[in-house]
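K.L.:
First, the structure itself, so that you have it in front of you.
Just so you know, all these numbers are worked out from the coordinates, no wet-lab data involved. From a predicted model like this one, the values you see are computed outputs, not experimental measurements. Cβ sites come from the backbone with ideal geometry, for glycine too, and all protein chains shown count toward neighbours.
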Amino acid sequence: MPSTAYSDTHGGDIRTVKQCPPFVDAMTHGFVFTLPCDVRVHNGMFSWDWDLPQPAARMHPRAPLSFHVPAQVEGTPFHADDRVVVKFNSFWTVELPDGWSLFAMPTANRQDLPFQALSGLVDADRYHDVGILFPAIWTQPDFEGVLARGTPVVQCFPVQREPLEYVFEAFDADETAAYDALGRRLLDDKGIYRKQYRAPRLRPSGK
């Protein structure tokens, strides 16, 4: 992705979303579940060749995906009688601290994939003994090819269930002045959000 691109409207090069920290940070937030093997799609059929050893847990899935019938999303914008609803199986379990849930969503800013995962919120501080299954709408019925091992399926991040207290009120004089001051700086100083407001991102620790 280029950092700049020519704009007919502006008559010159402008910055692309590659220079937009919120766009990039959204794509790298949390973690992703990926396909564990190549999945081939041909004539509307899904197939894979995966030499997976017999799992120790008898109820553990051995296929990378399964399916929902269209009726399970009837009454939603995702429903169509000829639309496939796939279900990506997970080969990891997730356990979060008390009071935390796992938010699963389509991978951020990835319109190139032939499917769209459905968003869901799982109380993974309580539900963690089995892997979470991720349903997705197959959005490109004419797709032919291979979804490679490692293709991102869904993006996840922990969220606290304890609600925040919201306050709605009109600006006072100081807040109005601060709004105008920052609005002017955003016009005059390129990259001010990245240089002065974006918090440092730390790599998550793990074991």
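K.L.:
Let me know the Kirkwood hydrodynamic radius for the stretch 23-82, please, with Cα pairs as the basis and the value in Å to one decimal.
P.N.:
Working: mean 1/r = 0.0652 Å⁻¹.
After inverting the mean inverse Cα-Cα distance, the result is 15.3 Å.
K.L.:
For Trp50 and Glu144, what is the calculated FRET efficiency with R₀ set at 35 Å and r taken between the beta-carbons, to the nearest 0.05? Walk me through the intermediate numbers first.
P.N.:
Working: r = 20 Å, r/R0 = 0.57.
It comes to 0.95.
K.L.:
Shifting gears a bit: For the chain, with a Gaussian network of springs between Cα atoms less than 10 Å apart, report the residue from Ala124, Ala148, Ala181 with the top mean-square fluctuation.
P.N.:
Highest fluctuation of the listed residues: Ala181.
K.L.:
So, one more: What is the calculated FRET efficiency for Arg110 to Leu187, with r their C-beta to C-beta distance and R₀ = 35 Å, to the nearest 0.05?
P.N.:
Numbers: r = 31 Å, r/R0 = 0.88.
After rounding, the FRET efficiency stands at 0.70.
K.L.:
Specify the residue with the greatest mean-square fluctuation among Tyr127, Tyr166, Tyr193, computed from a Gaussian network of the chain linking alpha-carbon atoms under 10 Å apart.
P.N.:
Tyr166
K.L.:
Using Cα springs under 10 Å in a Gaussian network model of the chain, which residue among Arg126, Arg110, Arg58 shows the largest mean-square fluctuation?
P.N.:
Arg58
K.L.:
For the stretch 109-171, rounded, prolate or oblate, judged on the Cα gyration tensor with a ≥ b ≥ c (square roots of eigenvalues), a/c < 1.5 rounded, else prolate if a/b > b/c?
P.N.:
Numbers: a/c = 3.40, a/b = 1.64, b/c = 2.07.
Since a/c reaches 1.5 but b/c is at least a/b, the shape of the stretch 109-171 is classed as oblate.
K.L.:
Could you give the C-alpha radius of gyration of the chain expressed as a fraction of 2.2 N^0.38 Å, taking N as the number of residues it contains? Provide the component values of the computation, followed by the final result.
P.N.:
Working: Rg = 21.9 Å, N = 207, 2.2 N^0.38 = 16.7 Å.
Expressed relative to 2.2 N^0.38 Å, the Cα Rg reads 1.31.
K.L.:
Which value results when the Cα radius of gyration for the stretch 75-135 is divided by 2.2 N^0.38 Å? Kindly include the intermediate steps, with their values, before the conclusion.
P.N.:
Numbers: Rg = 13.6 Å, N = 61, 2.2 N^0.38 = 10.5 Å.
Expressed relative to 2.2 N^0.38 Å, the Cα Rg reads 1.30.
K.L.:
So how far, in whole Å, is the C-alpha centre of the stretch 34-51 from the one of the stretch 78-139?
P.N.:
Using only Cα atoms, the two centres lie 18 Å from each other.
K.L.:
Once phi is turned into ³J(HN,Hα) by the Karplus curve 6.51 cos²θ - 1.76 cosθ + 1.60 with θ = phi - 60°, what whole-Hz value does each residue of the stretch 31-48 show in order, with x for glycine and proline?
P.N.:
8, 10, 9, 10, 5, x, 7, 5, 10, 9, 10, 8, 6, x, 10, 9, 8, 7
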